[in-house]
Every structure is written in structure tokens, then in C-alpha cells.
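Okay, structure first, notes after.
The values are calculated or read from the model by the stated rules, or taken from the named source; none is laboratory data. What you see is a predicted model; the values in this text were computed from it and never measured. Note that we place each Cβ from the backbone using ideal geometry, even for glycine, and neighbour counts take in every protein chain shown. Areas reflect the complete protein model, heavy atoms only, side chains present, ligands, DNA and RNA absent. Shrake-Rupley method; radii C 1.70, N 1.55, O 1.52, S 1.80 Å.
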Amino acid sequence: MIDLRSDTVTKPTEGMRAAMAAADVGDDVYAEDPTVRELEDRVSELFGFEAALFTVTGSLANLLAVRALVGVGEEILCESSAHIARAELGAHGAVTGLTMRTWSDSRGYVDLAAVEALIAPDMGPFFVATKAVSVESTHNFAGGRLQPAERLEGLRALADRHRVAVHLDGARIWNAHVATGHALSELSSVADTMGVCLSKGLGAPVGSLMLGSADQVAEARVWRKRLGGGWRQAGILAAAGLYAVEHHIERLADDHAHAKLIAEAAGVDPATVETNIVVIPTPDAAGVVARCREDGVLVAPVGARVVRAVTHLDVSTEDAGRAASVIAKAL
Ligand SMILES: Cc1ncc(COP(=O)(O)O)c(C=O)c1O
């Protein structure tokens, strides 16, 4: 089977497993795991943040980061198909007690005019006060689209003008870095807090990081434990993350080339496929998924009329070519 359902399905490589086996570990709830500390230091430095916290998932990283910016009965603005709004199962409302309002953009772009119109100042008992805007890059459900740099600059200026914070859901920011050539610290400069994932294109089995100021991260550490996310000898997992950051960033360019190849075969304009996600419209998503499966390719339905194919570390150029013809036939 060639599995294109998600870039989360990768298996650790031999080199990664060796790094995990050799990891120096300690109790991370006591902040005494040297490999976790090394990963947190390395990633916060890469993105230019004061501090970072290693978390089990990207969802938890987003939850802790957004919680640092928005409180009970306050709101965050985001695009309507953002992962935080659509796929974190209401955690932000349930745990933090915040509300969300959204704008819609088929490319997942931040719409500066819409954001400006949505921002509500603190009016005491009359309106929910806007505390933050969240932006996602690359944007998962919009097909791995990159946020244009000028929109991110515009968002920072707008947020400063209205004294609201910016959260960047950078689960796949590594793909944005490789696709644009912009430094990671440049891409993150829009944000007050950020989440990044190691377990997607980078191929680690588990792990994400929440990034922010030293105070925000110290508070997030308490909340992570409160939510049952404190872990002990997590250095075994952090070692996989360090290995991934060291070895698996630049190769994301291969995934992007493979995604374009699949897009062409699927009749999707390759110019719209900027990274590793191909969103394929079809009148019969379930049928396409079933026919692909019969021919040895797994793709995911992401709606009744859309299937998604995601390229990753475990998909070779040969696999991508074979998947492209299977998908074309199934369509
Ligand atoms: C943009 C984005 N943010 C956050 C997440 C959450 O990551 P996790 O599945 O590790 O909770 C995902 C997962 O696909 C994602 O695509």
C-alpha cells in the first residue's frame, strides 16, 4: 500500500530509531530530561522565541498557546477551515472557555479587511472582546497553501494597531520554509505564540512544540500537566524530533515535487499545489477512495466531494508515479 492519507503515517527510519535508543533521559515533569531540554532550546532558537514546550500533539501545542493569549469569555479570530476551529474537537472552547469567530477564504489566507472588520474592542458587558487572531501556514484544509508574506506583515501591523495577539499554527511551517526559502525565524516573526509539529512531514513518531515567551511557556507547562500531558522519560521521543530537525527538513522539497506530479495526474492545477498536500475535487469521494484502495493506494476523503493526497518521507518518487496513475484511473 502507498499511504497518502496523511503525512502523519510515516515510520521512524533506522537512523531515527538509533538516535531514540541512545537518548539520554530524565524526568521531564521535573524538567530534568536533557534531550527534551535540548530539543526545546534548539526549536525555540530556530524560530526566535524565548522558550518552547515539548507536547504530545500539535493540538495540545495549539491549545496551550492559544490559552496563553485568550481567556474565559474572550475570543480568537481564525479562518473557518482552520485546524483550531474544525479539527481540534472544540478543545479551545471546552478547556479555555473562549469563543471563536471566523472569516472564510478558499486558500486559507488571512483576509486583512475581514479581520479588521471582525475585531471587537473590550466593551465590558456588551461584546466578546477580541484577544487574538490565529493564522495557519501551511494551511491544511486549503491544500497546504502558504500564507503570502505581505499578508503576514499586514496582520502583524493590524494586530499591533488593535492591541491583539497573533498565534501561528505552524504544524507544517517546515514545508513553508522549504517552499519559500524564507528562514524559519522570518516566518515566525508575525507571531506571539506558535505551534509546530515534528510528527508530520519531518517524520518523528510523536511530538510537537508550543513556542512563546518564557512566562507563557512556564504557564503552559503547568497547564500541560493539569491536562494529563506531563510525561517522564520523554527524551526518547525528543531524540526522534532532534533527528528529524537535523535530517528531514531539506528533503521536504522531494515531497513537494511528488505532490505536483500527483496533482497533474489528478487534473489539479499544479501551480495551486505549493507544498505536500493535494486536494482533489470529485463528484464521488467515497468511490475514488475505494477504487484507489483496490489498486494499492490510500487517499483520504475530506468531504463528500473532496479527497486528499499527502506526500511524505515514506513515499518515493517511484511510489508517487504509481500513485499518480492509480488516482488518475480512479477519478
Ligand atoms: C494545521 C494543523 N495544526 C494542528 C494539527 C494537530 O496536530 P496533531 O494531530 O498532532 O494534534 C494538525 C494535524 O493535522 C494540522 O494539520
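Of all the residues that make up the stretch 208-234, how many are small (G, A, S) and exposed (fewer than 15 other Cβ atoms within 10 Å of the Cβ)?
Looking only at that region, the number is 4.
Any idea which residue in the stretch 66-120 is farthest from L146 (Cα to Cα), counting only those that are away from the ligand (no atom under 16 Å from the Cβ) and acidic (D, E)?
Ranking the qualifying residues of the stretch 66-120, first place goes to E74.
If A19 satisfies all but one of (1) surrounded by 21 or more Cβ atoms within 10 Å (Cβ to Cβ); (2) touching a strand residue (DSSP E or B) at 6+ places or on another chain (Cβ under 6 Å), what's the number of the condition it fails?
(2)
So V36 ticks every box in (1) away from the ligand (no atom under 16 Å from the Cβ); (2) part of a loop (DSSP other than H, G, I, E, B) but one. Which box is left unticked?
(2)
From the list G195, G267, pick out the single residue that is open to solvent by 20 Å² or more (accessible area, probe 1.4 Å) and in contact with a Leu (Cβ under 8 Å, 6 or more places away or on another chain).
G267
Consider E186 carefully, then state whether it is in a loop (DSSP other than H, G, I, E, B), surrounded by fewer than 24 Cβ atoms within 10 Å (Cβ to Cβ) and more than 16 Å from the ligand (Cβ to nearest atom).
No: the conditions fail for E186.
For R251, work out the one condition from (1) charged (D, E, K, R); (2) within 19 Å of the chain's Cα centre (by Cα); (3) more than 28 Å from A23 (Cα to Cα) it doesn't fulfil.
(3)
Within the stretch 129-176, restricting attention to residues that are open to solvent by 60 Å² or more (accessible area, probe 1.4 Å) and touching a Leu at 6+ places or on another chain (Cβ under 9 Å), which residue is nearest to the ligand (Cβ to nearest atom)?
The residue in question is R151.
Would you say A19 is closer than 30 Å to D314 by Cα, of a type outside the set (V, I, T) and within 11 Å of the ligand (Cβ to nearest atom)?
Spelling it out, it is not the case that A19 is closer than 30 Å to D314 by Cα, of a type outside the set (V, I, T) and within 11 Å of the ligand (Cβ to nearest atom).
Name the pairs whose Cβ atoms lie under 7 Å apart, with the first residue in the stretch 57-85 and of a type in the set (G, A, S), the second in a loop (DSSP other than H, G, I, E, B) and surrounded by fewer than 20 Cβ atoms within 10 Å (Cβ to Cβ), and 6 or more positions between them or separate chains?
Within 7 Å, the pairs are G73/G97; G73/V128; S80/S104.
Would you check if A304 is modelled with pLDDT under 95, over 30 Å from A23 (Cα atoms) and open to solvent by 40 Å² or more (accessible area, probe 1.4 Å)?
So A304 fits the description; yes.
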